[in-house]
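Inspection log for the structure reproduced underneath, given as structure tokens.
The values are calculated or read from the model by the stated rules, or taken from the named source; none is laboratory data. In this text the structure is predicted, and so the values were computed from the model without any measurement. Cβ sites come from the backbone with ideal geometry, for glycine too, and all protein chains shown count toward neighbours. Only protein heavy atoms, including side chains, enter the accessible area calculation; ligands, DNA and RNA are left aside. Shrake-Rupley method; radii C 1.70, N 1.55, O 1.52, S 1.80 Å.
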Amino acid sequence: MKEYGWSRNVRQVDPYVPGEQPSDPNIIKLNTNENPYPPAPGVQKFLSSVDVTDLRKYPDPASSELVDAIADYHDVDPSQVFVGVGSDDVLSMAFLAFFNGSDPVLFPDVTYSFYNVWADVYRVPYTEIPLSDDFTIDPSDYLRKNGGIIIANPNAPTGMPLPLSSIETIISGNRDSVVIVDEAYVDFGGESALSLLDKYDNLLVIRTFSKSRSLAGSRIGYAIGCVDMIRCLNDIKYSVNSYTMDRITLGIGTAAIRDEAYFRECVDRIIATRERTTEELKKLGFAVLPSATNFVFARHGYIPAMVLFEYLRDQGIYVRHFGGKRVYNYLRISIGTESDMDKLISVLTDYIERERA
Ligand SMILES: *Cc1c(COP(=O)(O)O)cnc(C)c1O
């Protein structure tokens, strides 16, 4: 950027780069871990009942209807629930609220690539702790002086889950730090840390409606923690923007979380497709990390990831490729419908067979 008179007062940041959203509906989008199935039928019903006249009024600043529905679903008190505009918003406010010390915040070197961005933008020091060679997290690496800890479980983009006992080791060994567990993908197979909430007042669990509830477009996330932690998050929210959740989104989220049967059915279907896709990829010569999410992280035996990425893109299939040194040869492939994955496998099969010929 050119130098302006005001340049010296700018908060310079190196932003997070979200996956592409192509406008062509024929593209098979396996690049942002969206759910391939529609949201619960109650969402459409709610939207059909919306009276636009109500939009002249501000929404409920406490988002009580949605907070109560989430509290009810998880069997916690509503005073333990905080909601925001996607879990990115909730995570960002949690960084602002809890990671305000001078010791470094800890998170893995290979994880959700937004964590270092928030640490930078809020100017908190951080240390990225290398995952083991097999991409697992060693909980003993997190028993050192720190200003807070954040772990995605299951981790992204590896898809690998950390056992609850390891999560507990990290929480119990850091009673003077807030430990955030980002459970964006936990519905697809991980073990939730929610069962530890009664035991630890330094745990904050963050979830999203974007993946397992098919609502990435609505932007709904939430945190569950002890009452005082939720109060800290609300203090931040009411100091930045009192009305983060709009009236329509509040109704959409409430309808979605009330439909347990539909939710289970979609999640089970995605898990079955993930397992089948993993087997097919292995037959094609991919090494696939064990996934507990709605995506797989895979590396081909001899074809560079970038070559496959470009080829798939030319064929109208978008997947995600990350630049980091350790993951450069991997593709992150979201689990779509059965037919999306059939198409992916057939396009890859054609390419690999031609390569072999
Ligand atoms: C997708 C994702 C999020 C953010 O989801 P929202 O759409 O903002 O709710 C947070 N953490 C991880 C690890 C994710 O993959």
- Top-ranked residue in region 189-204 [being more than 18 Å from Val85 (Cβ to Cβ) and crowded, with 23+ Cβ neighbours inside 10 Å; ranked as modelled with the lowest pLDDT]: Gly190
- Message: Take the residues in region 112-153 that are open to solvent by 10 Å² or more (accessible area, probe 1.4 Å) and touching a helix residue (DSSP H, G or I) at 6+ places or on another chain (Cβ under 6 Å); name whichever of them is nearest to His321 (Cα to Cα).
- Response: Trp118
- Message: For the structure I just gave you, tell me whether Leu55 is open to solvent by 60 Å² or more (accessible area, probe 1.4 Å), touching a residue at least 60 places away in the same chain (Cβ under 8 Å) and within 16 Å of the ligand (Cβ to nearest atom).
- Response: no
- Going through region 132-159 one residue at a time, which ones are touching a residue at least 40 places away in the same chain (Cβ under 8 Å) and assigned to a loop (DSSP other than H, G, I, E, B)? Phe135, Lys145, Asn146, Gly147, Asn153, Pro154, Asn155, Ala156, Pro157, Thr158, Gly159
- Search result, residues across region 33-42 that are open to solvent by less than 30 Å² (accessible area, probe 1.4 Å) and within 16 Å of the ligand (Cβ to nearest atom): Asn33, Asn35
- Given the conditions (1) within 28 Å of Gly159 (Cα to Cα); (2) open to solvent by 50 Å² or more (accessible area, probe 1.4 Å); (3) without any contact (Cβ under 8 Å) to a residue 24 or more places away in the chain, every one holds for Ser48 apart from (1)
- Message: Of all residues being out of contact with any helix residue (DSSP H, G or I) (no Cβ under 6 Å at 6 or more places or on another chain) and open to solvent by less than 40 Å² (accessible area, probe 1.4 Å) in region 216-229, which is nearest to His74 (Cα to Cα)? Just the residue, please.
- Response: Gly225
- Query: Out of (1) closer than 21 Å to Ala152 by Cα; (2) touching a helix residue (DSSP H, G or I) at 6+ places or on another chain (Cβ under 7 Å); (3) away from the ligand (no atom under 13 Å from the Cβ), what's the single condition that is false for Ala71?
  - Reply: (1)
- Query: Looking at region 58-74, which of the residues that are aliphatic (A, V, I, L, M) and in contact with a strand residue (DSSP E or B) (Cβ under 6 Å, 6 or more places away or on another chain) is surrounded by the most Cβ atoms within 10 Å (Cβ to Cβ)?
  - Reply: Leu66
- Message: Restricting to region 159-204, give me the number of residues that are within 20 Å of Ile257 (Cβ to Cβ) and either in contact with a Phe, Trp or Tyr (Cβ under 6 Å, 6 or more places away or on another chain) or away from the ligand (no atom under 12 Å from the Cβ) (or both).
- Response: 8
- Restricting the search to region 90-111, which residues are within 16 Å of the ligand (Cβ to nearest atom) and either in a loop (DSSP other than H, G, I, E, B) or surrounded by fewer than 20 Cβ atoms within 10 Å (Cβ to Cβ) (or both)? Leu96, Phe99, Asp109, Val110, Thr111
- Item | Residue satisfying condition, being among the aromatic types (Phe, Trp, Tyr), modelled with pLDDT under 95 and in the same structural domain as Lys282 (by TED's automatic domain parsing), within set Phe309, Phe322 | Phe322
- Query: Checking Asp77 against (1) open to solvent by less than 40 Å² (accessible area, probe 1.4 Å); (2) under 20 Å from Gly221 (Cβ atoms); (3) touching a residue at least 60 places away in the same chain (Cβ under 8 Å), which test does it fail?
  - Reply: (1)
